[in-house]
Each structure stands twice: as C-alpha cells, then as structure tokens.
Amino acid sequence: MTGTDTAPEVLIEKSRGLGRIVLNRPKAINALTHAMVRQIATALVEWSDDDEVHAVVLTGAGERGLCAGGDIVSIYHDAKEGGTGSREFWRDEYILNAAIARYGKPYVAIMDGIVMGGGVGVSAHGSVRIVTERSMIGMPETGIGFVPDVGGTYLLARTPGELGTHVALTNARLSAGDAIACGFADHFIPSDKIDGFIEGLSTTSVDEALGTFSEQAPVSGLLAQQSWIDAAYSADALSDIVSRLRSSGIPEAEKAAEQVLSKSPTACAVTLRSLRRARAVGSLEEVLNDEFRVSVACLGSHDLVEGIRAQVVEKDRNPQWSPATIEEVDEKQIDSFFAPLGDLELGLTARQPQH
C-alpha cells in the first residue's frame, strides 16, 4: 500500500484477522494531522469489539519512516493565530496515546525508519513494538522550543538511570538497540523480514510470529555511556547538568553540553521539570494531563514559534531564543507551564492496561 497526492492520509482496513493502519503521507514522512488521529481513534474503537480482528498493526507508507511526528508547520501558523486548533489536535492525540496503551488486543507497531515525536506516541505505547536496523527514534522537541509530549516524558522518565534526560535535552536519536534498552521498543526484526512477520500475524499468534521472525537486538551504544550520563544528568538544575557535562573531561559529554546549549533554554528547563514530575507519578494518564498543560502553555510562548520558524519554515537554523540563556530562565516562568487549565484540562483518569 503506497500513498499518492490524492490518496487518503491514513489507510484503514480489516484483512485476514488484522486491523491494518497505514500512515499514508510518505512525502511528509507520514506526519500526523488531526484528521488522521481521529480516524485511527475511530478504527480502534470499532475493532475493540470485533471478533474478526485479533491484532492491530501500525505501519508507515514509503521507505523513510513510520512517522516524523505532528505537522509542525500547521502548529506554527496556528500558534500565531491563537493556537486553538493545535490545542484540540493535542487533546485528541493524547487521548489516542492513552487508548493505545490500554488497548485490549495486541497493538503491533512497526517502528521502521524515522519515528519522531507524535510518531513515538502512536507506536511506543503499544503492546508489541518492533524496531529494525533502519530505526531512528527520538523526541526532538526542545530544538523547536517545545517540550516532549504524547506520553514521551512518561517513557523518557522510565529509561535506565538518566538516559531519558540525556535524550530529551540533546535530542539524541535512538538506534534499534538503544530503543529496546530504553524501553521504547521490545523486539528487533530486520526490515527485509517485516512483510513476512506481518503475514505471519495473519496465520499464527503474535507470539509465534515473533518467535519466527525476531532476532537478537543490536548492542546499545547509549547504554554503554550510562556512567557519565547518570553522573551529569542526575543534577536538579539545568545549569548544573551543563556544568557537569563540560567539566567531565569526556568528549561525548562535552559535545552533549553544546547540544543542550543550542536548544531553547526555556524548553530545556521545562523539559527537565516535566521529566522529574513524570518519574514521580504512577500512570501514563497523569503524565499526559501534565503534558497537555505544558503544550498549551508552549503555544503562547515565544520560543515555539521562533523555533519552528528557524528550523522548518525559513530554515536559517538560527533561532533567537528568549530568554537567550539558561541563567535567565527563572523558576516562576517554569512554574507557569504547569498551571491548571480549568475547564480546558485534558482530564484523563488512570486505567490499567488491558493487554
């Protein structure tokens, strides 16, 4: 199944015992739109009570990846006009993320190629998460003045040690081995065996198909660096993290410091707070409620519009962050991103996974 300019943005079909969801915007690396989120949510509800569907499979059209995230250019234009469209997109997206995590049937996500931001949200909360040698997974939000969302802070806060903090603040990309080590994925299947695996899901159980096609995961390069990552990122303040990275004497750590310093200081400070809060709460739903408050606050911030302008719209790669340095970000400013939204709250309640 491939996409064309006139094809639907998401292909949804029931075939041979499987509910198939194909993100179908290959030219945009299958970036999610609000309509796509709603269609996926509707399909999952319909299939939940359909005895002819024993598993759901999510894939992306084209060769580049499962999903590059949300459509941030539309978020850029919407933020300049008040942000209500983006707010409602996120509301439905986060509700979908929670529904995927609690889905009552196997939800098999093929995380082949690029999987960023919102792509993580529709895949890494599934019950069966497959990576390949082409997988490149990340949460690149701080580079555009945004904060990891779609339940990303929940996942990042539960990685071994401080690996998730490093990934969030530097926008590091996870390989297949890294993704499994960090809890973003479960199984490794070479990309040339994915079609056979999906065929196997139609004729056997999920466990049998995994047994036939999955292979030992590659070694995680990120996990091998955990000692210096834990030493630096365990600090409570962003400025202390950067100081520890810079003074470590480890080239990779010094490079990480420069990566953090190139991102939005406000977004990084809010991200650090978000990760610490996510680590302290018990459920994905609570974290999504928190992320929704932060995302809505970002819509009114200078750095989100400026970051998307610099990285995606005008592509000068020279964002002018405000405030411009970590030292200028104050605690009250960070606090404001977590302020209750009153009637606009996401309002998810914690539920146990059904699978």
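The values are calculated or read from the model by the stated rules, or taken from the named source; none is laboratory data. This one's a predicted model, so the numbers in the text were calculated from it and none came from an experiment. Cβ sites come from the backbone with ideal geometry, for glycine too, and all protein chains shown count toward neighbours.
Remarks
- When residues of the stretch 311-346 are limited to those that are of a type in the set (Ser, Thr, Tyr) and surrounded by 11 or more Cβ atoms within 10 Å (Cβ to Cβ), the one nearest to Asp240 (Cα to Cα): Ser322
- Pairs with Cβ under 8 Å, 6+ apart, first in the stretch 131-150 and over 19 Å from Ala79 (Cβ atoms) and free of Cβ contacts under 8 Å to residues at least 40 places away in the same chain, second assigned to a loop (DSSP other than H, G, I, E, B) and basic (Lys, Arg): Gly138/Arg173
- Scanning the stretch 216-225 turns up no residue that is touching a Lys or Arg at 6+ places or on another chain (Cβ under 9 Å) and of a type outside the set (Val, Ile, Thr).
- The stretch 149-194, residues that are surrounded by fewer than 24 Cβ atoms within 10 Å (Cβ to Cβ), more than 29 Å from Phe292 (Cβ to Cβ) and small (Gly, Ala, Ser): Ser175, Gly177, Ser191
- Residue within the stretch 74-81 that is more than 26 Å from Gly307 (Cβ to Cβ) and either in a loop (DSSP other than H, G, I, E, B) or under 18 Å from the mean Cα position of the chain (by Cα) (or both) present: no
- The set of residues from the stretch 157-175 being touching a Cys at 6+ places or on another chain (Cβ under 9 Å) and either assigned to a loop (DSSP other than H, G, I, E, B) or farther than 22 Å from Ile144 by Cα (or both) comprises Arg158, Thr159, Pro160.
- Annotation note: Cβ proximity below 8 Å between a residue of the stretch 102-120 that is modelled with pLDDT of 95 or more and surrounded by fewer than 21 Cβ atoms within 10 Å (Cβ to Cβ) and a residue that is part of a helix (DSSP H, G or I) and of a type in the set (Ser, Thr, Tyr) (sequence gap 6+ or interchain) occurs for Tyr103/Ser48; Gly104/Ser48; Lys105/Ser48.
- Test: residue in the stretch 37-48 that is closer than 25 Å to Arg173 by Cβ, among the polar types (S, T, N, Q) and not in a loop (DSSP other than H, G, I, E, B): no
- So Leu238, is it surrounded by 14 or more Cβ atoms within 10 Å (Cβ to Cβ) and over 25 Å from Val147 (Cβ atoms): no
- All positions within the stretch 81-101 that are β-branched (Val, Ile, Thr) and modelled with pLDDT of 95 or more: Ile95, Ile100
- When we screen Val219, Val242 for residues that are among the β-branched types (Val, Ile, Thr), assigned to a loop (DSSP other than H, G, I, E, B), at pLDDT 95 or above and out of contact with any strand residue (DSSP E or B) (no Cβ under 8 Å at 6 or more places or on another chain), the only hit is Val219.
- The requirement of being part of a loop (DSSP other than H, G, I, E, B), out of contact with any Cys (no Cβ under 6 Å at 6 or more places or on another chain) and surrounded by fewer than 23 Cβ atoms within 10 Å (Cβ to Cβ) is not satisfied by Gly85.
- Matching entry among Thr271, Thr266 (being of a type in the set (S, T, N, Q) and within 30 Å of Tyr103 (Cα to Cα)): Thr271
- Single unsatisfied condition, Asn30 versus (1) crowded, with 17+ Cβ neighbours inside 10 Å; (2) out of contact with any Cys (no Cβ under 7 Å at 6 or more places or on another chain); (3) outside any strand (DSSP E or B): (2)
- Lone unmet requirement of (1) outside any loop (DSSP other than H, G, I, E, B); (2) free of Cβ contacts under 8 Å to residues at least 60 places away in the same chain; (3) surrounded by fewer than 23 Cβ atoms within 10 Å (Cβ to Cβ) for Thr6: (1)
- Listed by first and then second residue, the pairs linking a residue in the stretch 206-224 that is in contact (Cβ under 8 Å) with a residue 40 or more places away in the chain to a residue that is polar (S, T, N, Q), with Cβ atoms under 8 Å apart and 6 or more places separating them unless they lie on different chains, are Pro218/Ser175; Ser220/Ser175; Gly221/Ser175; Leu222/Ser175.
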